[in-house]
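Beneath this line is the structure, given in structure tokens, with notes to follow.
The values are calculated or read from the model by the stated rules, or taken from the named source; none is laboratory data. Predicted model, so just to flag it, every value in this text is computed and none were measured. FYI the Cβ positions are ideal-geometry reconstructions off the backbone, even for glycines, and counts take in every protein chain you see. The protein model used for the area step is the full one, side chains on, heavy atoms only, and it has no ligands, DNA or RNA in it. Shrake-Rupley method; radii C 1.70, N 1.55, O 1.52, S 1.80 Å.
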Amino acid sequence: MRYTLQINIMAWNQLISEDGAITTYAGVGGESLVKLVKRATASLTYSALCLPDNISERGLETVPHYYYRDDGIKLWEIINKFVAALLSHYYQHDVNVQKDTELQRWISEIFTNGFLGRVSSGIPSSFQTLKELIKFVTMVIFTASAQHAAVNNGQVSQYKSI
């Protein structure tokens with residue numbers, strides 16, 4: 001999680017703000033950037049956010065020396081093990097997951113607002129099993145930590161030159 005908040009603040013202030021580099025120097029910025037992001041995320045799928053599924057769907061299981069995959073899968077499994085232990089303690093049966101109204105509202109809001117109710121995204125609109133919940137929470141933690149760091153931390157030094 002190191003630098004995650006910092007890189008987001010720097011991106012907001014120096015790249016996508018009203019007078020940021022993207023708005024000032026790129027052909028797309030401001031309102032156009034919002035439209036572009038909406039179009040780009042229209043094809044985002046749940047499986048693309050779940051590293052093991054993404055690797056499998058793209059046929060990358062046997063690519064030699066694919067360190068992002070190898071390290072990423074290890075991190076995914078560590079996070080998944082932690083999440084499974086924690087959530088299994090709290091939700092001992094699938095019915096506990098199904099009856100948790102706050103949890104169901106949370107995933108419904110993500111499905112409806114975050115993914116615009118697109119069934120084709122694969123994002124669940126409700127949780128029926130503990131296994132589904134564990135996978136989703138693993139994805140959220142992985143995306144906000146390891147994935148975010150892998151994609152964005154290399155930009156920190158670039159911000160210093162802007």
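Residue-by-condition table, conditions (1) crowded, with 16+ Cβ neighbours inside 10 Å; (2) within 18 Å of LYS135 (Cβ to Cβ):
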| residue | (1), (2) |
| --- | --- |
| LEU15 | yes, no |
| ALA26 | no, no |
| LEU33 | yes, no |
| TYR46 | yes, yes |
| ASN54 | yes, yes |
| VAL83 | yes, yes |
| HIS93 | no, yes |
| GLN98 | yes, yes |
(request) Among the numbered conditions (1) in a loop (DSSP other than H, G, I, E, B); (2) charged (D, E, K, R); (3) within 19 Å of MET139 (Cα to Cα), tell me where GLU18 comes up short. (result) (3)
(request) Please enumerate the residues belonging to segment 103-132 that are at positive phi and at pLDDT 95 or above. (result) GLY122
(message) Among the residues in segment 26-42, are any among the polar types (S, T, N, Q), assigned to a helix (DSSP H, G or I), at pLDDT 95 or above and closer than 17 Å to MET139 by Cβ?
(response) no
(request) Report the residue count in segment 58-81 for those that are open to solvent by 80 Å² or more (accessible area, probe 1.4 Å) and either in contact with a Lys or Arg (Cβ under 7 Å, 6 or more places away or on another chain) or in a loop (DSSP other than H, G, I, E, B) (or both). (result) 5
